[in-house]
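Peer 1: Sharing a structure, written as structure tokens. Questions coming.
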Amino acid sequence: MSVTPHTTARRPLRALLVALLGALVPLLAATLLTAPTAAAAAAPDARAEAAPRAALTEITGFGENPSNLQMYLYVPESVTANPAILVAVHYCTGSGPAMYNGTEYAQLADKYGYIVVYPSVTRSSKCFDVASPQALRRGGGSDPVGIKSMVDWTVRTYDADTDRIFVTGISSGAMMTNVLLGDYPDVFAAGAAFAGVPFACFATTNGSEWNSDCAGGIIIRTPQAWGDLVRGAYPGYTGARPRMQLWHGTEDDVLRYPNFGEEIKQWTNVHGVSQTPTTTDSPQSNWTRTRYGGTGDRALVEAVSLQGTGHNLYAWGMGERVLTFFGLNNSSGPAPQPPAGPCKVTVTPNTWNTGLTASVTITNTSTTAINGWRLAFTLPAGQTITNGWGATYSPTSGAVTATNVSYNAAIAPGASVSVGYQASHTGNSAVPTAYALNGTACTTA
């Protein structure tokens, strides 16, 4: 095993060197590549000497690595005892250093004391293998085995907490997040996938790294079929399954939006929970968040749909939300669950062979007036809102948020407002069974 300090050190230092030294930066970078940092040289224990603190470091000789991945490591200055590990997986054309620079996980590690592992592809496409038969089974070879070796090396070297190993990724890295959770459910506690596809959706047998049918969102399977693909990656495994957080933009033109729904089907089936959300809310404008198998920050599956957003959906600040889902930002245990009952929703449907209307009555059953409201719910598959009244509806299918109009924004205690919508359907004319008003679950009648 050897370690090489990468030329990308802590951001404030790098920016200062560039500003002050200009043309001397290449010379300084060359020096960094050959000389250990002062922190590493002065470290009092073997664990601290494994890699320089607060600098991106390449680790070699970390273990079995059939596809010749590179491993980059970030250890914060104040790493905690028995630290958690976060594996951050890059997108196609990216790299470990690019993921380090383009996300805030290293900065958050400085704050919370966990260690970040950045795998890096060396093949020409710079995409992770999420398609080959070897990648889609536990211990089968290819990239997942190399990433598992990186995790094992970090656990051994830093006495890391094996109950707090997590993975997140963007695009190709999101697909690898799905793959790692399928191949190694006993290793990872949770994952967060930004603009990915279900486990094994990209599967090929001809050596191709790309699956156009999957990317185009035309591979549609039953929840059971998707779940069976995950279970087949590690036959006989009966232990706990990792929790999954999913993110996708409705206008994704690279990995089309239907993949988001297929991921939800897959991971709710893996966990044996309903595809009907337990809660639906909008934590930010144009976001719709649905949770399955739980209502707090530790739901078994959490899905965030970004209305009008394309493939490049990751933005600074989302990392903190990932850590909340993982429980890495100093939160202890599940967040308090929103109480059911401060609101009541009554729905009266009228259906025909290709369409329906739904009259929705929202009642404020709390003792506090509501001034401005958003009602979140999820339409059954195949339904699309074609017209609405009493509210604005966005998006028109899937996880929908109805927002008040000017004349009905206020709902006094005990009072009600009536809204509604017309929708087309492809056979399922049922109305939603779960609603949340301003993020709080409502009772239904």
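Peer 1: On the basis of being of a type in the set (Val, Ile, Thr), at pLDDT 95 or above and in contact with a Lys or Arg (Cβ under 9 Å, 6 or more places away or on another chain), does residue 116 make the cut? Reasoning before the result, please.
Peer 2: Values: of a type in the set (Val, Ile, Thr): yes; at pLDDT 95 or above: yes; in contact with a Lys or Arg (Cβ under 9 Å, 6 or more places away or on another chain): no.
Answer is no for this residue.
Peer 1: Of everything in the stretch 364-382, what is more than 24 Å from residue 286 (Cβ to Cβ) and either among the small types (Gly, Ala, Ser) or at pLDDT 95 or above (or both)? Give them in sequence order. Outline the logic, then answer.
Peer 2: First, pick out the residues of the stretch 364-382 that are more than 24 Å from residue 286 (Cβ to Cβ): 364-369.
Of everything in the stretch 364-382, those that are more than 24 Å from residue 286 (Cβ to Cβ) and either among the small types (Gly, Ala, Ser) or at pLDDT 95 or above (or both) turn out to be 366, 369.
Peer 1: Condition check: at pLDDT 95 or above and more than 21 Å from residue 317 (Cβ to Cβ). Does residue 273 satisfy that? Give the derivation first.
Peer 2: Working: at pLDDT 95 or above: no; more than 21 Å from residue 317 (Cβ to Cβ): yes.
Here the answer is no, as residue 273 does not meet what is asked.
Peer 1: Restricting attention to the stretch 165-173, does a residue exist that is closer than 20 Å to residue 70 by Cβ, in contact with a His (Cβ under 6 Å, 6 or more places away or on another chain), of a type outside the set (A, V, I, L, M, F, W, C) and not in a loop (DSSP other than H, G, I, E, B)?
Peer 2: Of the residues in the stretch 165-173, the ones closer than 20 Å to residue 70 by Cβ are 165, 167-173.
Subsequent filtering for residues that are in contact with a His (Cβ under 6 Å, 6 or more places away or on another chain) retains 173.
Subsequent filtering for residues that are of a type outside the set (A, V, I, L, M, F, W, C) retains 173.
So of that shortlist, the ones also not in a loop (DSSP other than H, G, I, E, B) come out as 173.
Yes; the residues of the stretch 165-173 include at least one that is closer than 20 Å to residue 70 by Cβ, in contact with a His (Cβ under 6 Å, 6 or more places away or on another chain), of a type outside the set (A, V, I, L, M, F, W, C) and not in a loop (DSSP other than H, G, I, E, B).
Peer 1: While we're on this one: List every residue pair whose Cβ atoms lie under 6 Å apart, where the two residues are 6 or more positions apart in sequence or sit on different chains, the first residue falls within the stretch 225-242 and is in the same structural domain as residue 185 (by TED's automatic domain parsing) and surrounded by fewer than 20 Cβ atoms within 10 Å (Cβ to Cβ), and the second residue, located anywhere, is part of a loop (DSSP other than H, G, I, E, B) and among the charged types (D, E, K, R).
Peer 2: The qualifying pairs are 234/138; 239/186.
Peer 1: Restricting to the stretch 206-239, count the residues that are of a type outside the set (A, V, I, L, M), in a loop (DSSP other than H, G, I, E, B) and modelled with pLDDT of 95 or more. Can you show your working first?
Peer 2: Taking the stretch 206-239 first, the residues of a type outside the set (A, V, I, L, M) are 206-214, 216-217, 221-224, 226-228, 231-232, 234-239.
This time we only want the ones that are in a loop (DSSP other than H, G, I, E, B), so: 206-211, 216-217, 221-222, 234-239.
Next, only the ones that are modelled with pLDDT of 95 or more stay: 211, 216-217, 221-222, 234-235.
Selection size over the stretch 206-239: 7.
Peer 1: How many residues are touching a residue at least 24 places away in the same chain (Cβ under 8 Å) and surrounded by fewer than 18 Cβ atoms within 10 Å (Cβ to Cβ) if we restrict to the stretch 397-418?
Peer 2: Keep residues of the stretch 397-418 that are touching a residue at least 24 places away in the same chain (Cβ under 8 Å), which gives 398-404, 409-418.
Now drop any that are not surrounded by fewer than 18 Cβ atoms within 10 Å (Cβ to Cβ), which leaves 403, 409-410, 412-416, 418.
Going through the stretch 397-418 one residue at a time, the tally reaches 9.
Peer 1: Being of a type in the set (Gly, Ala, Ser), touching a residue at least 24 places away in the same chain (Cβ under 8 Å) and touching a helix residue (DSSP H, G or I) at 6+ places or on another chain (Cβ under 7 Å) is the requirement here; does residue 146 meet it? Give the steps one after another, and end with the answer.
Peer 2: Working: of a type in the set (Gly, Ala, Ser): yes; touching a residue at least 24 places away in the same chain (Cβ under 8 Å): yes; touching a helix residue (DSSP H, G or I) at 6+ places or on another chain (Cβ under 7 Å): no.
Answer is no for this residue.
Peer 1: Just to be sure, is residue 144 in a helix (DSSP H, G or I) and crowded, with 19+ Cβ neighbours inside 10 Å? Please lay out each step first, then the result.
Peer 2: Details: in a helix (DSSP H, G or I): yes; crowded, with 19+ Cβ neighbours inside 10 Å: yes.
For residue 144, the condition - in a helix (DSSP H, G or I) and crowded, with 19+ Cβ neighbours inside 10 Å - is met.
Peer 1: Considering 363, 386, 346, which residue is touching a Lys or Arg at 6+ places or on another chain (Cβ under 9 Å), part of a strand (DSSP E or B) and touching a residue at least 24 places away in the same chain (Cβ under 8 Å)?
Peer 2: Details: 386 fails: touching a Lys or Arg at 6+ places or on another chain (Cβ under 9 Å); 346 fails: touching a Lys or Arg at 6+ places or on another chain (Cβ under 9 Å).
Every option except 363 fails the conditions.
Peer 1: Let me ask something additional. Yes or no: the stretch 295-313 includes at least one residue that is assigned by TED's automatic domain parsing to the domain that holds residue 212, in contact with a His (Cβ under 7 Å, 6 or more places away or on another chain) and either assigned to a helix (DSSP H, G or I) or free of Cβ contacts under 8 Å to residues at least 12 places away in the same chain (or both).
Peer 2: No, the stretch 295-313 contains no residue that is assigned by TED's automatic domain parsing to the domain that holds residue 212, in contact with a His (Cβ under 7 Å, 6 or more places away or on another chain) and either assigned to a helix (DSSP H, G or I) or free of Cβ contacts under 8 Å to residues at least 12 places away in the same chain (or both).
The values are calculated or read from the model by the stated rules, or taken from the named source; none is laboratory data. No experiment lies behind these values; they were computed from the predicted model shown. Cβ coordinates were reconstructed from backbone atoms using ideal geometry, including for glycine residues, and neighbour counts include every protein chain displayed.
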